[in-house]
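Read through the structure below, which is laid out as structure tokens, and then see the notes.
The values are calculated or read from the model by the stated rules, or taken from the named source; none is laboratory data. The model shown is predicted, which means the values in this text are computed figures rather than measured ones. Every residue, glycine among them, receives a Cβ derived from its backbone with ideal geometry; neighbour counts consider all protein chains shown. Just so you know, the surface numbers come from the protein's heavy atoms only, side chains and all, with ligands and any DNA or RNA stripped out. Shrake-Rupley method; radii C 1.70, N 1.55, O 1.52, S 1.80 Å.
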Amino acid sequence: MDHVTTQQPQAIAKVFIQRDYSDGTAVKFQTKLPADIHDRVDSDTFERFVEKINQYYAEAEGIGCSTYLQGCFACLTAHTALLCMQTQYDKNLKRCTEYIKEQNIGIFLPKGLKVIDPFERGLRVIEILVLPVSQNHVDEEKWSKF
């Protein structure tokens, strides 16, 4: 039986956007465009992208009436309620993941970049893969294995 091996495309480089601890330990990333990718994406687009990610994480960690009630309900049900309901934090993480996927397809992949969800990197960094320019990167399935 023949074994077919599929070779995964290789990134040229990886760029990391570090956490911004200037306002404490809340999840917030630096918005400055790294020099390694300044020729592929403009500064305003990149800043808006990172600010939106920061906004999703701020909303996820925000404390409000619904968060308080979710916590109380979870305590009253010995946390079994969390098995059948989605928390505010989970909802915002999901929204952030979807936003990153949309931006990868619409903005970054056509320019030879792929942004990795910070949740996959333990919320420590935003990883950006710099891809070979000569290939068509819009095929999301091919690049989703990174």
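Observations on the model:
- Segment T87-R48, length gained on full extension (0.36 nm per residue, minus Cα span): 11.4 nm
- Under the Karplus curve 6.51 cos²θ - 1.76 cosθ + 1.60, θ = phi - 60°, whole-Hz ³J(HN,Hα) for segment 111-122, x wherever Gly or Pro sits: 9, x, 10, 9, 8, 9, 4, x, 4, 6, 10, x
- Inter-centroid distance (Cα atoms) of segment 52-89 relative to segment 106-135, Å: 29
- Lys pairs under 19 Å by Cα in segment 1-94, provided they are eight or more residues apart or on distinct chains: 7
- Taking all protein chains as shown and a probe of 1.4 angstrom, S22 keeps an accessible surface of around 90 Å².
- Sites listed here are trypsin sites (Lys or Arg not before Pro) in segment 67-127 whose DSSP assignment is loop and whose Cβ has at most 14 other Cβ atoms within 10 Å: R124.
- Amide H within-cut-off set for A26, under 5 Å, with H built and near neighbours excluded: none
- With a cut-off of 14 Å between beta carbons, the residues surrounding R121 carry a summed charge of +1, where Lys and Arg count +1 and Asp and Glu -1.
- Counted charge near F108, where neighbours are those whose Cβ lies closer than 9 Å (Asp, Glu -1; Lys, Arg +1): +3
- J(HN,Hα) series, segment 16-25, from Karplus relation 6.51 cos²θ - 1.76 cosθ + 1.60, nearest Hz, glycine and proline x: 10, 9, 7, 5, 9, 9, 5, 10, x, 9
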